[in-house]
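Student: Before we start, here is the structure in question, set down as structure tokens.
The values are calculated or read from the model by the stated rules, or taken from the named source; none is laboratory data. The structure displayed is predicted, hence computed values, not measured ones. Neighbour counts are summed over all protein chains in view; Cβ atoms, including those assigned to glycine, are modelled from backbone coordinates with ideal geometry. Side chains included, ligands, DNA and RNA excluded: accessible areas come from the protein's heavy atoms. Shrake-Rupley method; radii C 1.70, N 1.55, O 1.52, S 1.80 Å.
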Amino acid sequence: MSKQVQEVETIFCHEIGNDYLVVVERDGQRLFRAKLGLSETSAGPRPAKFRLKDGSSEEPRQPDEFVELARRAQRIRISEQTSRAGRQELTEMFGGYQLDDKTKTVRTCRYCASAGRYSPITTETAIKDDNDWICKDCARQQLERQLSYAGGGEVTGAAKDRLEDLMMEVQDLERIVNLLKGQLDPDLTKFDTISATTDEVDPVRVDSMNLHPGVQNLLEDRFETLLPVQSLAVDHGLLDGDDQMVVSATATGKTLVGEMTGIDRVLEGKGKMLFLVPLVALANQKYEDFQDEYGHLVDVSIRVGASRISDNGNQFDPNADVIVGTYEGIDHALRTGKEMGDIGTVVIDEVHTLKEEERGHRLDGLISRLKYTCEQRAKRREEYEGAQWVYLSATVGNPEQLATALEAKLIEFEERPVPIERHVTFADGQEKVRIENKLVKRAFDTESSKGYRGQTIIFTNSRRRCHEISRKLDYSAAPYHAGLDYRKRKQVERQFGEQELSAVVTTAALAAGVDFPASQVIFDSLAMGIEWLSVQEFHQMLGRAGRPDYHDKGTVYVLVEPDCAYHNSMEMSEDEVAFKLLKGDMESVMTHYDEGAAVEETLANITVGGKAAKALNDRMIGDIPTKHAIGKLLQYDFIDGFEPTPLGRVITRHFLDPGDAFALLDGIRKDAHPYELVADLELRDDDL
């Protein structure tokens, strides 16, 4: 005890019941704890009992030993959490020994004090807990306890880190706990704001353009000047027939870039226009838009290839002036040898689809085959000058590289017409619907300065969930996905456009640009099916929030279920994915080929180009192992030289997966029962 007395720096006193807990420290390390009892004497309060604590046991010591400790200590601290009477009693006692100059009342963490730790806190370091203040370490422990209560299990990783950071920022544990209970405190949910930006571009006057009178008059009736991205495209050779790749945010007007050159070239007799999109829903909408806007000038047809098995080109007229189609619909026409005549303009909307695992290689192959078809026709017809290519996207991480690969001039315009606020909050699957309901109601009850009510797109990961959420929303809402028939989808589009619906709940069907003027986007899930979203897909979806002609700003809410995954194949949890998407850089757009994709595109190129197939493979942006693919095609009798066999033609025109076709042939050659073949194909799908 004598050695410890010599080394005392701090004595800390905290009231416990009728006594005081004494903590003795040196260099910030606790030497020992003791219990101190005072009694009233004629000289004032004085030590009556002093016991050293060791776990649950106590060792009695002489009260004078405490006095000696106090005299040798460099400082004496009294906890602010001690009662007023207790603080007065201790202060009088230390004053009686002329220790006033060493004694000071300080704010301390009550949890630390109760545990026998001296933990002074300041306004800058304290965290509010109800009506008290605690240290950061104890606040973290209390938050972990609350997370466990709220989520039914331990919350770790990115969600925990985010909540801890927020708690340290606002210094209030209760506000964080309320956030877990579904309270949408905007100061806590707000992640960042993507500011509205506008690059300085000299606008092109519409009446200065030398377009065909039909389209010229139409544009002059609509506006005096072009929007910035449209002006950039015109200034850089759009109307001179230059191939362009236009990269600009949603709602900046890039679609009109393709439309005005395409319609103009049709009316000038330079060939028809193909406007190609990735999804049937988007093709249907664009088809109707073209009919409404240009139907009095040109014939419009649609080619969606709704079935890979039957050639169901609904309303398809290959001789039409304008053909709106899905990638697969037009590719099917090429694979089956349909003649489409002179093609003057090809617009590829959502060109970033090139990076998608399942669809990317087909778009890559389609571009190569369509370019080859146009070039061959130009060689046969001197009066046909070939096609102009316009590629459109809002999200490309490597625009210069992709434009070079596509042999197009890059038109890149960095503009965000309205600011977008991005928010993050945490909830489980059932709690998410309650929060979504609150957000949808709040948006729909708010009117913008332009006179429009706020409307919401909710993205989720399954068709079943679309229906579940839309049923549970208090205000009128509807599911919208590829499983709905055309009539129902058009009804939803009309109702949303006329502000009869507060929200639509959808899967990926709306991400690619179906025109719903929403002010708010909510991510009910960060997965599509059993795959996490990419940064590019995420930005494509959140870009649907906020339209300059309708809204003052866009709002995005990411609802995250901590430690959640939707399939055991998903390596990351939803909270980890959320911050990866919010902070991540846009992925590069390049097409990658596995064996199946290489075989499929090589077979399609042989079907369309014959001996030119290798040249078609070489011009594609992805790196195809051509020799290996041809070897597999020969091995399974899909080709004979550079001609497809009847079997090969069936495979390519029906878009059959080569791996499935190989498995079927192997089974047939082994006299396998048809049921066994079907079972093998199902097992293959489960393994993918």
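Student: Please list, in order, the residues from the stretch 647-674 whose amide nitrogen is less than 17 Å from a point placed 7 Å along the Cα→Cβ vector of Leu634.
Tutor: 648
Student: Rounded to a whole number, what % of the accessible area of the stretch 504-593 do carbon and sulfur atoms account for, probe 1.4 Å?
Tutor: Reported share for carbon and sulfur atoms: 47 percent.
Student: Ratio of Rg to Rh for the stretch 294-448, alpha carbon only, Kirkwood?
Tutor: 1.10
Student: Averaged per residue, what accessible area in Å² does the chain show with a 1.4 Å probe, protein chains only?
Tutor: Per-residue value: 44 Å².
Student: Compute the FRET efficiency between Ala615 and Asp671 as 1/(1 + (r/R0)^6), taking r as their Cβ-Cβ distance and R0 = 56 Å, and round to the nearest 0.05.
Tutor: The calculated FRET efficiency here is 0.85.
Student: Rank Arg442, Arg369, Arg107, Arg547 by accessible area, highest first, at a 1.4 Å probe radius?
Tutor: Arg442, Arg107, Arg547, Arg369
Student: Count the lysine pairs in the stretch 331-478 whose Cα atoms lie under 16 Å apart, taking only pairs 8 or more positions apart in sequence or on different chains.
Tutor: 6
Student: Within the chain, which cysteines find no other Cys whose Cβ is under 4.7 angstrom from their own?
Tutor: Those would be Cys13, Cys138, Cys374, Cys466, Cys564, since no other cysteine Cβ in the chain comes under 4.7 Å of theirs.
Student: Using a 1.4 angstrom probe on the protein heavy atoms only, could you order Thr105, Thr255 from most to least accessible area?
Tutor: Thr105, Thr255
Student: For the chain, what proportion of DSSP beta bridges, expressed in % and rounded to the nearest 5, is antiparallel?
Tutor: If I count the DSSP bridges inside the chain, around 40 percent turn out antiparallel.
Student: Assuming R0 = 35 Å, can you tell me the calculated FRET efficiency for the pair Asp428 and Met168, based on Cβ-Cβ distance, to the nearest 0.05?
Tutor: The pair Asp428/Met168 has a calculated efficiency of 0.90.
Student: Further, regarding this structure: Nearest 500 deg cm²/dmol is fine: what mean residue ellipticity at 222 nm does the chain get from its DSSP H runs of n ≥ 4 alone, each adding -39,500 (n - 2.57), divided by its residue count?
Tutor: -12000 deg cm²/dmol
Student: Separate question: Please give the FRET efficiency for Asp552 paired with Val201, using the beta carbon to beta carbon distance and R0 = 35 Å, rounded to the nearest 0.05.
Tutor: So, using R0 = 35 Å, E works out to roughly 0.95.
Student: Let me ask another. If each of Lys627 and Arg380 carries a label point 7 Å out from its Cα toward its Cβ, how far apart are those two points in nm?
Tutor: That separation, rounded to one decimal, is 3.4 nm.
Student: Count of lysine pairs in the stretch 553-631 with Cα atoms under 25 Å apart, counting only pairs 8 or more residues apart in sequence or on different chains?
Tutor: The number of close lysine pairs in the stretch 553-631 is 4.
Student: So what is the relative contact order for the chain, in percent, with contacts set as C-alpha pairs under 8 Å and at least six apart?
Tutor: 11
Student: Carbon and sulfur atoms: what percent of the 1.4 Å accessible area of the stretch 199-241 do they account for?
Tutor: Carbon plus sulfur share of accessible area: 42 percent.
Student: Continuing with the same structure: Checking the cross-link filter: which lysines have an alpha carbon closer than 23 Å to that of Lys670, excluding same-chain neighbours under 8 positions apart?
Tutor: Of all the lysines, those that pass the test against Lys670 - Cα under 23 Å, at least 8 places apart if same chain - are Lys632.
Student: Return the distance in nm (one decimal) between the two label points of a simple spin-label model at Asp54 and Gln183, each offset 7 Å from Cα along Cα→Cβ.
Tutor: Here the modelled spin labels are 4.8 nm apart.
Student: Of the lysine pairs in the stretch 113-260, how many meet both conditions: Cα atoms under 25 Å apart, and a spacing of 8 or more in sequence or different chains?
Tutor: Summing the qualifying lysine pairs gives 10.
Student: So for the pair Met570, Arg30, with labels modelled 7 Å out along Cα→Cβ, what separation do we get in nm?
Tutor: Here the answer is 4.3 nm between the modelled labels.
Student: Taking the alpha-carbon set of the stretch 1-140, what are its Rg and Dmax in Å?
Tutor: Cα-based Rg and Dmax for the stretch 1-140 come out at 14.5, 47 Å.
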